[in-house]
Each structure stands twice: as structure tokens, then as C-alpha cells.
Amino acid sequence: MSKYERPEYETMESEPPFELREYKDFYIVEYDNTNDPGIENGFGTLFRYISSDNAMREKISMTVPVFEEIAGDQMKMAFVVPKEKWDHVPEPNNQWLSVKKFDRGLFAVLIYSGFSSGSKEQQMIEKLKVWIGAKGYREASNYMLAFYNPPFTPPMFRRNEIMVRVRQV
């Protein structure tokens, strides 16, 4: 589906549009700025990081998805670090960026297309909550959005996901 690297996972269960996935460890560079709760500057800041605004002045390959974490009124945004950089992830120059390990785990995912908006995302979260409960799991993290396409992609070809770490009840 994509020419871009993505985190590795195994699909444990699939009931479209829902999936239960076991993700392996990977690294992210996360934008977390309390002065920018709506992450208006997140993508540009992360793009500058991969374009060589980092301690090593290295260009870093684009990956998918771009993650947005919903943490109450504060949003966070993150790029996945390509596997080839894991042993030496360049330190960010920007104070609002940090390198973090995304720990392996089980995630419930709802896949959808089209443009994403706050109301649509809330609808998808509610649908995912119902599916999670019916499967005997409970949420174990904040909800995250995962976006796979550039902004110029027509809505019907866009791939978006809502995901959350889960544990069995």
C-alpha cells in the first residue's frame, strides 16, 4: 500500500474495520508543546527535524503513519523513526521534540477513510470502545490517531486509524 516504512506488527484478529494488533518496539520523535495544545506547529517542527534540523544534521527518511495522541486537552504528534536509525537516533535541536521508545504491545485499531475531524474521530473512538468491550479488553493508554497519506490525497483514498493500547479484562 505504501512506499514508506511503517512500524512492524502482527494482526491477531481482523473484523473490518477493526483489528487487534501486536506491535513490536519502535522509536518515535514526539512533538509535545504545552504552548501549542492543538499541535498547530507539530507537523512543521517534525518535518524540519527529518529535513536535517537535528544534532547530526542528517536527513531522515519519511515514514508512516504520523501519530497524534489525544491526551485530554493536550495533543502530541510523532513521526516513526526508520529502523536504520534506531542505534543512533539524531537528537532533536528543537526543545519541543524528544526521542522516545514506543513499547511493544497489543492495540485495538479502527481503520477509516476520508477526511478526519474532531467529530468524526470522536465517533470512531466510540465505535472502537464498543468493539473493545465486546472482545473482553479494556483501554490501557490514550487514544491515538494514525494518518498515512499526504494532504493532497483524495478523501476516498485516505487511510486513517484510531488506535489504543489494550489489556484483557
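All of the numbers you see were taken from the coordinates with simple rules; none came from a lab. What you see is a predicted model, and the numbers here were worked out from it, not measured in a lab. Here the Cβ positions follow ideal geometry from the backbone for every residue, glycine too, while neighbour counts run over all protein chains shown.
Exposure proxy shown here: for Thr45, Thr34, Thr153, the number of other Cβ atoms within 10 Å sets the order, fewest to most, as Thr34, Thr153, Thr45. If you take the beta carbon distance between Ser113 and Ser61 as r and set R0 to 25 Å, what does 1/(1 + (r/R0)^6) give as a FRET efficiency, to the nearest 0.05? Result of the calculation: an efficiency of 0.50.
In a reduced charge model with +1 at each Lys and Arg Cβ and -1 at each Asp and Glu Cβ, the chain shows a dipole moment near 260 debye about its Cα centre.
Of all aspartates and glutamates in the structure, the ones whose alpha carbon falls short of 12 Å from that of Lys76, not counting any fewer than 8 places away in one chain, are Glu30, Asp32, Asp36, Glu40, Glu68. Note on Ser51 and Glu139: their simple-model spin labels are 3.5 nm apart, each label 7 Å out from Cα toward Cβ. For the pair Glu5 and Asn93, label points projected 7 Å from Cα toward Cβ lie 2.2 nm apart. The aspartates and glutamates within cross-link reach of Lys3, meaning a Cα-to-Cα straight distance under 20 Å and a gap of 8 or more places when in the same chain, are Glu84, Glu161. The order of Arg57, Arg21, going from fewest to most other C-beta atoms within 10 Å of their C-beta, is Arg57, Arg21.
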